[in-house]
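Working notes, structure below.
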Amino acid sequence: MSAISVKLEVFEGPLDLLLHLIEKNEVDIYDIPIVLITDQYLDYIKQMDTRDMNIMSDFLLTAATLLDIKCRMLLPKEINEEGEEEDPRAELVEKLIEYKLYKYLSYELKDCQIDAVKTMFKKPTMPAEVEEYEQPIDYRALVGDMDLTRLNIIFKSMMKKQTDKIDPIRSRFGKIEKDEVNLEEKTAYIEEYIREHKEFSFRELLGEQNTKMELVVTFLVILELMKTGEIVIVQQELFDDIMITSRIAA
C-alpha cells in the first residue's frame, strides 16, 4: 500500500496553531476542551517535518504545557487566596487572546498599507495672485491700548532687570591681560648676560626685568642653570645680596 501524502498548513507558531484548532472546532476560547485540542495538537506535531530545532522546540514546549494542563484538569481544583477555584487553562487562554488581538491588528495594518498604495494625491494648483497675497497688518489692533507712557514703563522695567544682573563686585574688576614671555628667548638672554658679566648680583639681573612675569621666568631660569652647574650662587651673610658666578665658557 502506498503512503498517502498529507500537506500540512504552515503556522507562524504554536499559538497560531492552537488558535486555528479552536476556530476549526468552533469551541469557546474561554472554555477550551483541553483533551480534544491537545490530541489534535499532538497529531499535528507528529506530522511536522522540520529540521529547525528552534521552531520545533517552541511547538514541543507548548505541547508539554498542554499535557501539564490536561493532567491538572484531572486533579481536584486548587483554591486561591480569595476562595475561588483556579482554572489551569487561564494562563493559556490569556496568551491566546493576546496573540489573537495582535494577529488581527496586523491584518488591519496590512489593509491600511494596501489602501495607502491606492491613494493618489493631486499637486497643488494655487493661483499666483492667491500665493502672492499677504494679509495687511492692522497696526491699531497690533498696538491695542498701548501708549507712550506704558511703553516707557516697560522700557524702564527691562533696563532695571539688566542692571540687577550686573555683579556689583566683579563689575569693578579691570581687564586681566596675560603677559607673553618666551621662555627660550629669556633663557638665551640670561645666558648671554652671564657670559658678559661673569660675576654679578642677583638683584642687578632682576633690575633688568620689566614685568612680574619676566621676574618669575628669570628666577626659574636661574634655578635651572644652578641645577645644571652652569652658575654658582653665593650669599655671605643672611639677607646679603646673592652673588652669581658664571661657569659658562666664553
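A compact table of results
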{"read-out": "Residue within segment 67-77 that is outside any helix (DSSP H, G or I), more than 25 Å from I45 (Cβ to Cβ) and either in the same structural domain as I22 (by TED's automatic domain parsing) or free of Cβ contacts under 8 Å to residues at least 12 places away in the same chain (or both) present", "value": "yes"}
{"read-out": "Checking A64 against (1) under 45 Å from the mean Cα position of the chain (by Cα); (2) closer than 18 Å to H20 by Cα, the condition it does not meet", "value": "(2)"}
{"read-out": "From the options L42, L66, L18, residue that is exposed (fewer than 15 other Cβ atoms within 10 Å of the Cβ) and either on the phi < 0 side of the Ramachandran plot or of a type in the set (G, A, S) (or both)", "value": "L42"}
{"read-out": "Close pairs from segment 82-95: first without any contact (Cβ under 8 Å) to a residue 40 or more places away in the chain and loosely packed, with under 15 Cβ neighbours inside 10 Å, partner part of a loop (DSSP other than H, G, I, E, B) and polar (S, T, N, Q), Cβ under 7 Å, at least 6 apart", "value": "E86/N80"}
{"read-out": "Enumeration of residues in segment 1-26 that are at pLDDT below 85 and within 30 Å of L74 (Cα to Cα)", "value": "F11, G13"}
{"read-out": "In segment 134-152, the residues that are modelled with pLDDT of 70 or more and surrounded by 10 or more Cβ atoms within 10 Å (Cβ to Cβ)", "value": "R150, N152"}
{"read-out": "Residue pairs meeting the criteria (Cβ under 7 Å; at least 6 apart or on separate chains; first among the small types (G, A, S), in segment 114-143; second assigned to a loop (DSSP other than H, G, I, E, B) and at pLDDT 80 or above)", "value": "none"}
{"read-out": "All positions within segment 23-48 that are touching a residue at least 40 places away in the same chain (Cβ under 8 Å) and either over 17 Å from E94 (Cα atoms) or outside the structural domain of I97 (by TED's automatic domain parsing) (or both)", "value": "Q47, M48"}
{"read-out": "Given (1) of a type in the set (S, T, Y); (2) loosely packed, with under 13 Cβ neighbours inside 10 Å; (3) closer than 16 Å to S246 by Cα, number of the condition Y193 does not satisfy", "value": "(2)"}
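The values are calculated or read from the model by the stated rules, or taken from the named source; none is laboratory data. The structure displayed is predicted, hence computed values, not measured ones. So basically every Cβ, Gly included, is an ideal-geometry build from the backbone, and we count neighbours across all protein chains shown.
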